[in-house]
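Below: one structure, written as C-alpha coordinates.
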Amino acid sequence: MNIPDNLKYTEEHEWIRIEDGNIAYVGITDFAQGELDELVYIEVETVGETLDQGEVFGTVEAVKTTSELYMPVSGKILEFNAHLDEAEGDNPTLVNEDPYGEGWIVKIEMSNTDETEELLDSEAYDKLIN
(Lines give C-alpha, C1' and ligand atoms only; values in the text may rest on other atoms or scores of the structure.)
Protein backbone atom coordinates (compact mmCIF):
# COMPACT_ATOMS: atom_id res chain seq x y z
CA MET A 1 0.00 0.00 0.00
CA ASN A 2 1.42 3.34 -1.06
CA ILE A 3 1.29 6.00 1.72
CA PRO A 4 3.65 8.87 0.87
CA ASP A 5 5.35 10.60 3.81
CA ASN A 6 4.99 14.11 2.33
CA LEU A 7 1.17 14.14 2.56
CA LYS A 8 -1.41 14.53 5.31
CA TYR A 9 -4.48 12.27 5.48
CA THR A 10 -8.06 12.29 6.74
CA GLU A 11 -9.90 9.43 8.40
CA GLU A 12 -12.26 9.57 5.39
CA HIS A 13 -9.31 8.65 3.09
CA GLU A 14 -8.54 11.98 1.43
CA TRP A 15 -4.98 13.26 1.16
CA ILE A 16 -3.66 16.81 0.95
CA ARG A 17 -0.35 17.96 -0.51
CA ILE A 18 0.65 21.51 0.38
CA GLU A 19 2.45 23.13 -2.53
CA ASP A 20 3.10 26.83 -2.17
CA GLY A 21 2.12 28.64 1.02
CA ASN A 22 -1.61 28.10 1.31
CA ILE A 23 -2.13 26.34 -2.05
CA ALA A 24 -2.72 22.59 -1.89
CA TYR A 25 -3.91 19.61 -3.91
CA VAL A 26 -6.47 17.11 -2.63
CA GLY A 27 -7.27 13.58 -3.74
CA ILE A 28 -8.22 10.17 -2.42
CA THR A 29 -5.73 7.66 -1.10
CA ASP A 30 -4.42 4.53 -2.76
CA PHE A 31 -6.36 2.56 -0.14
CA ALA A 32 -9.62 4.37 -1.01
CA GLN A 33 -9.28 3.90 -4.76
CA GLY A 34 -8.50 0.23 -4.19
CA GLU A 35 -11.60 -0.23 -2.04
CA LEU A 36 -13.79 1.60 -4.57
CA ASP A 37 -12.27 -0.30 -7.52
CA GLU A 38 -12.56 1.21 -11.00
CA LEU A 39 -13.83 4.78 -10.90
CA VAL A 40 -16.29 5.70 -13.64
CA TYR A 41 -17.21 9.29 -12.77
CA ILE A 42 -16.00 12.11 -10.52
CA GLU A 43 -18.23 15.09 -9.84
CA VAL A 44 -17.08 18.38 -8.33
CA GLU A 45 -19.58 21.23 -8.55
CA THR A 46 -17.94 23.35 -5.86
CA VAL A 47 -15.24 25.14 -7.90
CA GLY A 48 -15.13 28.76 -6.73
CA GLU A 49 -16.82 27.96 -3.41
CA THR A 50 -15.27 28.27 0.04
CA LEU A 51 -15.97 25.26 2.23
CA ASP A 52 -15.24 24.37 5.84
CA GLN A 53 -13.09 21.46 6.92
CA GLY A 54 -15.14 18.25 6.70
CA GLU A 55 -17.69 19.60 4.20
CA VAL A 56 -18.49 17.60 1.07
CA PHE A 57 -16.80 19.01 -2.05
CA GLY A 58 -17.76 16.30 -4.54
CA THR A 59 -18.40 12.63 -5.19
CA VAL A 60 -16.63 9.69 -6.78
CA GLU A 61 -18.65 7.01 -8.51
CA ALA A 62 -17.36 3.51 -8.96
CA VAL A 63 -19.00 0.56 -10.68
CA LYS A 64 -20.71 -0.57 -7.45
CA THR A 65 -20.94 2.54 -5.23
CA THR A 66 -20.77 6.30 -4.88
CA SER A 67 -18.76 8.02 -2.14
CA GLU A 68 -18.64 11.61 -0.98
CA LEU A 69 -15.41 13.61 -0.94
CA TYR A 70 -14.64 15.69 2.16
CA MET A 71 -12.49 18.79 2.54
CA PRO A 72 -9.40 17.95 4.63
CA VAL A 73 -9.08 21.65 5.58
CA SER A 74 -11.16 24.78 5.11
CA GLY A 75 -10.59 26.64 1.88
CA LYS A 76 -11.67 27.72 -1.57
CA ILE A 77 -11.87 25.22 -4.42
CA LEU A 78 -9.73 26.78 -7.15
CA GLU A 79 -9.72 24.04 -9.75
CA PHE A 80 -11.08 20.60 -10.62
CA ASN A 81 -8.51 18.38 -12.37
CA ALA A 82 -9.44 18.80 -16.06
CA HIS A 83 -8.21 15.28 -16.86
CA LEU A 84 -10.95 13.86 -14.62
CA ASP A 85 -13.69 16.25 -15.76
CA GLU A 86 -16.32 14.78 -18.07
CA ALA A 87 -16.36 18.04 -20.04
CA GLU A 88 -12.59 17.91 -20.56
CA GLY A 89 -10.43 14.79 -20.43
CA ASP A 90 -12.98 12.45 -18.81
CA ASN A 91 -10.47 9.95 -17.46
CA PRO A 92 -11.50 9.17 -13.84
CA THR A 93 -9.34 6.03 -13.90
CA LEU A 94 -6.33 8.34 -13.48
CA VAL A 95 -7.23 8.24 -9.78
CA ASN A 96 -6.89 4.45 -9.86
CA GLU A 97 -3.63 4.60 -11.82
CA ASP A 98 -1.89 7.49 -10.02
CA PRO A 99 -3.87 8.62 -6.94
CA TYR A 100 -1.09 10.84 -5.57
CA GLY A 101 0.09 12.34 -8.84
CA GLU A 102 -1.93 12.91 -12.02
CA GLY A 103 -5.03 11.64 -10.20
CA TRP A 104 -5.38 14.63 -7.86
CA ILE A 105 -8.98 15.83 -7.71
CA VAL A 106 -9.02 19.51 -6.67
CA LYS A 107 -6.63 22.38 -6.13
CA ILE A 108 -7.54 24.55 -3.15
CA GLU A 109 -6.53 27.74 -1.39
CA MET A 110 -6.44 26.92 2.32
CA SER A 111 -8.03 29.50 4.59
CA ASN A 112 -6.63 28.03 7.82
CA THR A 113 -3.30 26.23 7.41
CA ASP A 114 -3.32 25.33 11.14
CA GLU A 115 -6.02 22.75 10.38
CA THR A 116 -3.37 20.55 8.75
CA GLU A 117 -2.08 19.84 12.27
CA GLU A 118 -5.33 17.94 12.96
CA LEU A 119 -4.73 15.56 10.04
CA LEU A 120 -2.98 12.20 10.10
CA ASP A 121 0.63 11.71 9.06
CA SER A 122 1.57 8.66 6.97
CA GLU A 123 2.30 6.50 10.03
CA ALA A 124 -1.05 7.29 11.68
CA TYR A 125 -2.91 6.71 8.41
CA ASP A 126 -1.16 3.36 7.97
CA LYS A 127 -2.36 2.34 11.45
CA LEU A 128 -5.90 3.43 10.55
CA ILE A 129 -6.15 1.20 7.50
CA ASN A 130 -4.16 -1.80 8.79
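The values are calculated or read from the model by the stated rules, or taken from the named source; none is laboratory data. Note that the structure is predicted; figures quoted are calculated from it, not measured. We place every Cβ from the backbone using ideal geometry, glycine too, and count neighbours over all the protein chains shown.
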Checklist entry - Which is surrounded by 12 or more Cβ atoms within 10 Å (Cβ to Cβ), among the acidic types (Asp, Glu) and part of a loop (DSSP other than H, G, I, E, B), of Asp85, Asp126? => result Asp85
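Among the residues of segment 12-53, count how many are assigned to a loop (DSSP other than H, G, I, E, B), of a type in the set (S, T, N, Q) and more than 14 Å from the chain's Cα centre (by Cα). Give the derivation first.
At the first step, the residues of segment 12-53 found to be assigned to a loop (DSSP other than H, G, I, E, B) are 12-13, 21-22, 29, 37-38, 44-49, 52-53.
Checking the rest, the ones that are also of a type in the set (S, T, N, Q) come to 22, 29, 46, 53.
The next check asks that each one be more than 14 Å from the chain's Cα centre (by Cα); those that pass are 22.
Here the count works out to 1.
Could you list all residues from segment 45-63 that are touching a helix residue (DSSP H, G or I) at 6+ places or on another chain (Cβ under 8 Å) and more than 23 Å from Glu118 (Cα to Cα)?
Taking segment 45-63 and keeping what is touching a helix residue (DSSP H, G or I) at 6+ places or on another chain (Cβ under 8 Å), we get 53, 60, 62.
Those that are touching a helix residue (DSSP H, G or I) at 6+ places or on another chain (Cβ under 8 Å) and more than 23 Å from Glu118 (Cα to Cα): Val60, Ala62.
Determine if segment 89-98 includes at least one residue that is aliphatic (A, V, I, L, M), assigned to a helix (DSSP H, G or I) and in contact with a strand residue (DSSP E or B) (Cβ under 8 Å, 6 or more places away or on another chain).
Taking segment 89-98 and keeping what is aliphatic (A, V, I, L, M), we get 94-95.
Next, only the ones that are assigned to a helix (DSSP H, G or I) stay: 94-95.
Narrowing further to those that are in contact with a strand residue (DSSP E or B) (Cβ under 8 Å, 6 or more places away or on another chain): 95.
Yes; the residues of segment 89-98 include at least one that is aliphatic (A, V, I, L, M), assigned to a helix (DSSP H, G or I) and in contact with a strand residue (DSSP E or B) (Cβ under 8 Å, 6 or more places away or on another chain).
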Checklist entry - Restricting to segment 98-130, what's the tally of residues that are of a type in the set (Phe, Trp, Tyr) and closer than 20 Å to Leu78 by Cβ? => result 2
Item to check | Members of segment 25-57 that are closer than 14 Å to Tyr70 by Cβ and of a type in the set (Gly, Ala, Ser) | outcome: Gly27, Ala32, Gly54
Checklist entry - Looking at (1) closer than 19 Å to Leu94 by Cα; (2) in contact with a Gly (Cβ under 8 Å, 6 or more places away or on another chain); (3) in a loop (DSSP other than H, G, I, E, B), which is the only condition Lys64 fails? => result (2)
Item to check | Selected residue (criterion: surrounded by the fewest Cβ atoms within 10 Å (Cβ to Cβ)) from residues of segment 34-50 that are over 27 Å from Asn2 (Cβ atoms) and not polar (S, T, N, Q) | outcome: Gly48
Checklist entry - Considering only residues of segment 69-82 that are free of Cβ contacts under 8 Å to residues at least 40 places away in the same chain and either β-branched (Val, Ile, Thr) or not in a loop (DSSP other than H, G, I, E, B) (or both), which is farthest from Glu12 (Cα to Cα)? => result Glu79
Checklist outcome for this item: Residue hits (segment 99-117; without any contact (Cβ under 8 Å) to a residue 60 or more places away in the chain and not in a loop (DSSP other than H, G, I, E, B)) are Asp114, Glu117
Next on the checklist: Any residue that is surrounded by fewer than 14 Cβ atoms within 10 Å (Cβ to Cβ), small (Gly, Ala, Ser), under 14 Å from the mean Cα position of the chain (by Cα) and at pLDDT 95 or above - is there at least one of those in segment 56-65?
Outcome noted: no
